[in-house]
Every structure is written in structure tokens, then in C-alpha cells.
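First comes the structure, then the notes that go with it.
The values are calculated or read from the model by the stated rules, or taken from the named source; none is laboratory data. Nothing here was measured: the structure is a model prediction, and the numbers come from that model. So basically every Cβ, Gly included, is an ideal-geometry build from the backbone, and we count neighbours across all protein chains shown.
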């Protein structure tokens, strides 16, 4: 079993504090969902864990099996087992999806132990088939000209191929039509096992109809303010966030703003 | 007022050179006449690059003696790497010496000509007279075209008769292995009606120093319905002063496509013009470059469109590092009468160091109403968001940068039809961006 431990995490962007002390522990074989209104720091949490250069951690720690994640470069975090499915994946012209994926897989392997081309192609074909992606997408340039839904599928394809220990999914469901959402969810559910833990960040309860989380957390104003099980998500769906605000005495006036 | 320039050779010396190579009297006169014009004509004025201090006139030697290659086994390793041993149609020039020619019997039987320019001047005088600096590039455009015409000392002639489709690419390699050498190469590709040919040339230095000049004029003439694909990798060393003119002339329904990897380390003025003269003619121009050291570069690409329904596409991608200075001029010019013509261009420059400079200068000149045109230009650094994305998949920063840069230069690499040349360009890029 592996553990991702977030302790009292404070994060600033351009000098403005967005996360104000987040505590969260995720084990493999668990799926956690973080919900909350827009602009409460959900995506900041995902980006800070992965090491986005714009986010500055001012306090707190993140450990992956005892290793200090915050001291690692972005690529080292990935090699240690973290994966972030991004809300806005970059487009990279001239680099095919397949070449990129092979580089990513080999980056995690020792020199001399690179994945064989045949094995790679076989696995890629199988996974793309599973995600109902047309074969030609392997030879298209990375995310270039992909539709919103294609990009999200491509993020899941990467996660399934790279096989991280922890997958963080940043609004993987936003802007997806129901067919695409089903496929993306199928991919995530396929990953669920003893060697994989997942943190899903979402704005919509709908995603949780397809992926049943073990834990649901509500984030507001840069903190996790409430945690529970699947029933918490259902209550949020039925009643919105107002009751939590009332219960905890949170006022909207000082809601934090958040970029992407 | 024009200032007369003292040229490196006299008319007598030029006539002697012509005679020594057994050229017809008409060509000796042509050279002599061109030299006289070169004295008085002005230098070209590449937009935004001042070349008044550049030496385009003096050189250590007009020609250097080099031995021919008796077989491909004698080629230097760097040249072997770009030449496929199975290559059916091949011309190799060593400095100023035609060093190796191979042309398939099948093509010879069909009347295809692939020969060094000196042989062409002697043995195909009628065709040379008809096309040599008459249609695409004119002798009297400026001092450098006239100087070129007077001093031509190498190059190749490719002639494809009517309806002949050359299936295998024609490969030409210009080897530079003598620091004293100057290259006044003339490349003349004539594709007659409804013919098709792919031509790929490589300039390669196996010495690390050059003291001479490069004054190359390339003319590609595509007659009605002909198709020419022109690929090139320029990879000459530092020290030349270089003028590289590659010009296309496309008649009705003709197509001239360019894929140029411009990797020469010397200061260079690149002038690439394609004239879409005939209706429905098209040109797809793609070039990539990597500027290094303190080199100065000017890439002026012009597609002039007279033809109705003609289509001109310009794509230029450049990476600039160290203190390289570069100007990317792109001009789409739709002439009066070119209705329904389309002119598109894109110039992008990626800066890898503080001291490098790259200016993209897109220009559209439209003299007709019913046309479409567009341009895009950008100058910037490697996008940190792209690096973050790639690194978040475990790819190191150095490898991520490498992927982004190779991707940026891929449009030309992927368009080169000869595997060895493609591989060579990839390796040159690898070496230059490291």
C-alpha cells in the first residue's frame, strides 16, 4: 500500500494565498472526490501537488510514501508515481501522441529496460480501443486540434499507459457529453485496484454517478471543510452548498479567486 | 549614383575559364556580358538586413581542384550517411568538381537529363540557352545575380520531358571539403508539361572552416500541369558569406513545393521566390532553420501570384540561440488579375537565448479584389506550460525542450522524401539546439 499525505498545505499564486491549510491523506485502493464551488482552490491543490511553476507553496508538506514531494522537480514527482490529468492539457505540434507516450513510459524505466516497440504498440492499441479512441489519434500531434472531449480521453489514455500510483484528475468531467463521460469513467474505474489511488476534483456531482468515491471532501475558501462518504455528495446534489456555509459560518464575501 | 565595384576576376579571366571548360562561344559571351553588368549593378537590399559590410565579391580562388569519387566507397563518412547506396539517381559535386553521377537507364531512355552544369552548357546548349537565367531569375536583377552568371563554377541540370514521371527522388549532394573553395552553383530544374519530379539536394561541409563565397542560384521551372517537389538541407560550415537564391516559376496547373532545412552556419541571405504565373498553379513553401553563434540570417520568402485560383502557402519556423540575428520576411503578393487566389503565410520564431534575435515580418500585397489571404507570426520562448505538461509525465526538462523544438521543426523534417537526408537533418538539429 502507498500513501499520499498532504499536511497543512498553504499555496500562493502571485502573492495571493489560495490554499490555507489543506490536510488530506489518500491511500492506494481509494478514490477521493473533492467538491466545492468555483474558486475555492480545488485546482490549485492539484497543480501544487504536481509542481506547477506558478504556484508557490508557503507552508506545509506533501509526502508520497514518506518522500518529500515538494522537494522534487515536476518530472521527478511523475517518476515517483504521481499523475495529473489536467483541465487544460497543452498542445504540442510536431510530437505525435504515440512518440510522446513512449517517451513518458520510458522516462519511468531504467536505461536499457525501455519498453519494446511491439509491446508498446500492442498496449496502446488495446487501451485506445478500450477508450473508444480511433487508431489515427496515436499518430496525431499531441492534443493539437483535439476537441475538448478528445483531450480528456487522451489524458485518461496517458494515465492508463503510464500506470501511476496516484492519479489526480482535475475537472476531468467538465465540458464532457454523457457518452464521453461514460468512457472516461470506464477508464478510471478500470484503474481502480490495490496499486492505485485517485483524487478527483470536480464541480459536478454527476461524475460520481459513474465513479463511486470512497471519500468525499468539500473544499471552501482554501480548506477542506467537510469530509464524508458517498452520502455527502448526494446531500450536496440535493441541497447545494448553502447548508455547509450556514453550518460553518462561512461568508461568500471573502471567497478566494482562482486561476484555472 | 552607383559605385562601380572592382570585381575579383576580369572579363579576360572569365573568358579563359569558359574556354578551359570547353563552353560554347555564346556562353562565354553570356558570362562576359554578365560580368560587365555586375560591375555597375547595385547589391540587393534584403529588407531589414544591412549587407553593405558583407563581402560578396572577393574570394581566395574561383575554383579549386578536387578529385572525383571513383565509387561511393570513397565518400567521406558524413556524406555516406546521407546517400542511400541504392539511390538510383545521384549527382555528387566535390567543391567545384563533378565527382559522381548515376542515372537509371530507364530515365535516360525516357529522355531525362541529370548532369553537371558544365556538361549541360556544352551538350545541351539549346536547353540551357532557353532556360538558363531567362525565365525564373534574370541576370540583371542585381549585382549578385550578374556576378553569379559570370562566375558559375558548378551546379546541376535536371530536365524532365513531357509526361515523364520520375518515380525515385533525384539526389544531389554538394560536398565542401576545401576551405579555399567558393560555390557559384547553378541548379536548373526544368519539368516539361505534365511531368513530375522530386529533387533533393544537400550542402555539406566536411571541413570546419570556409574562406570563400557562396552565390547559388536555383531555378525551378514547372511547365503546364507539371509537379516539382524540391527538398534541401543546407549544412555548410561557418566562414562563408552566402547568398542562396531559390526561385520557382509555375505555369498553368503546375505545382512547386519546397521543403528546406536551412542549417548553414555562415552569414546567409536566403531569397526564395515562387512565381505562380499560370492559373490554378500552387506552391507550398516550408522552411525550418536553427541560427547559432553570431551568425546573421535573412530569410525573404515571396510568392507572387498572377494565376487565377492560384494558391501560395508559406510556413517558416526558426529557432535562434546564442547571439544569432535573423529576419523572417514573408510576402504574399497577389497581382492584378489573380482572382480567387489564396495567399497564406505563417512565421514562427523560437528564441532559446537572451542574446538571440528573430524578427518575423509578414506582408500581404493584394492588387485584386476577389481573393483570400491570411498571415500569422509569432516570436517567443519555449512555452513553460508545454514544458510543465511534458514534465508532469516524467519527461526531464532537457528532453521536454528537445521534444518541443523537434516538434517545432518537424514540418520540414517530415516532408523530406529521402530517409538519409531526413535523418541527417534531424541530427543537425539535435547538434545545433543542444
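Taken over region A:83-115, the criterion of being over 18 Å from residue B:402 (Cβ atoms), surrounded by 23 or more Cβ atoms within 10 Å (Cβ to Cβ) and more than 8 Å from chain B (Cβ to nearest Cβ) is satisfied by A:85 alone.
Yes or no: residue B:32 at negative phi and in contact (Cβ under 8 Å) with a residue 12 or more places away in the chain?
Working: at negative phi: yes; in contact (Cβ under 8 Å) with a residue 12 or more places away in the chain: yes.
The answer is yes for residue B:32.
Taking every residue in region B:36-56 that is at positive phi and pairing it with any residue that is surrounded by 12 or more Cβ atoms within 10 Å (Cβ to Cβ), at least 6 positions away or on another chain, the pairs with Cβ-Cβ distances below 6 Å are B:48/B:327. Put simply, of B:374, B:355, B:332, B:337 the only residue that is on the phi > 0 side of the Ramachandran plot and away from chain A (no Cβ under 14 Å) is B:337. Each residue in region B:379-391 was checked for being over 23 Å from residue B:426 (Cβ atoms), away from chain A (no Cβ under 12 Å) and surrounded by fewer than 16 Cβ atoms within 10 Å (Cβ to Cβ), and 1 of them qualify.
Conditions tested, residue by residue: (1) assigned by TED's automatic domain parsing to the domain that holds residue B:136; (2) modelled with pLDDT under 95; (3) more than 25 Å from residue B:143 (Cβ to Cβ); (4) buried (at least 24 other Cβ atoms within 10 Å of the Cβ).
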| residue | (1), (2), (3), (4) |
| --- | --- |
| B:241 | yes, no, no, no |
| B:253 | yes, no, yes, no |
| B:259 | yes, no, yes, yes |
| B:280 | yes, no, yes, no |
| B:284 | yes, no, yes, no |
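Among the residues making up region B:88-113, those that are in contact with a strand residue (DSSP E or B) (Cβ under 7 Å, 6 or more places away or on another chain) and under 27 Å from residue B:210 (Cβ atoms) are B:90, B:91, B:92, B:93, B:94, B:95, B:96, B:98, B:99, B:100, B:101.
Name the one entry in A:123, A:111 that is over 18 Å from the mean Cα position of the chain (by Cα) and part of a loop (DSSP other than H, G, I, E, B).
On the way: A:123 fails: part of a loop (DSSP other than H, G, I, E, B).
Step by step, each of A:123, A:111 is checked, and only A:111 is over 18 Å from the mean Cα position of the chain (by Cα) and part of a loop (DSSP other than H, G, I, E, B).
Do you know which residues across region B:277-290 are on the phi < 0 side of the Ramachandran plot and free of Cβ contacts under 8 Å to residues at least 60 places away in the same chain? If the condition is that a residue be on the phi < 0 side of the Ramachandran plot and free of Cβ contacts under 8 Å to residues at least 60 places away in the same chain, then B:277, B:278, B:279, B:281, B:282, B:283, B:284, B:285, B:289 are the ones that fit.
For region A:144-160, filtering for residues that are away from every other protein chain (no Cβ under 14 Å) and within 12 Å of residue A:127 (Cα to Cα) leaves 1. Applying the condition of being under 24 Å from residue B:250 (Cβ atoms) and surrounded by fewer than 24 Cβ atoms within 10 Å (Cβ to Cβ) to region B:196-208 and asking which residue is farthest from the chain's Cα centre (by Cα) yields B:196.
Please list, ordered by residue number, the strands (runs of 3 or more DSSP E) wholly in region B:302-358 having 2 or more residues that are in contact with a helix residue (DSSP H, G or I) (Cβ under 8 Å, 6 or more places away or on another chain).
Values: elements: B:311-320, B:325-334, B:342-351.
Ranges flagged: B:311-320, B:342-351.
Among the residues that make up region B:66-87, is at least one of them under 19 Å from residue B:209 (Cβ atoms) and buried (at least 20 other Cβ atoms within 10 Å of the Cβ)? Yes; the residues of region B:66-87 include at least one that is under 19 Å from residue B:209 (Cβ atoms) and buried (at least 20 other Cβ atoms within 10 Å of the Cβ). Hey, could you check region A:36-61 for residues that are in contact with a helix residue (DSSP H, G or I) (Cβ under 8 Å, 6 or more places away or on another chain) and under 26 Å from residue A:208 (Cα atoms) and say which is farthest from the other protein chains (Cβ to nearest Cβ)? For region A:36-61, the residue satisfying everything is A:36. Scanning region B:392-432 for residues that are surrounded by fewer than 18 Cβ atoms within 10 Å (Cβ to Cβ), more than 10 Å from every other protein chain (Cβ to nearest Cβ) and assigned to a loop (DSSP other than H, G, I, E, B) yields one hit, B:417. Note on region A:53-71: residues that are in contact with a strand residue (DSSP E or B) (Cβ under 9 Å, 6 or more places away or on another chain) and at negative phi amount to 13.
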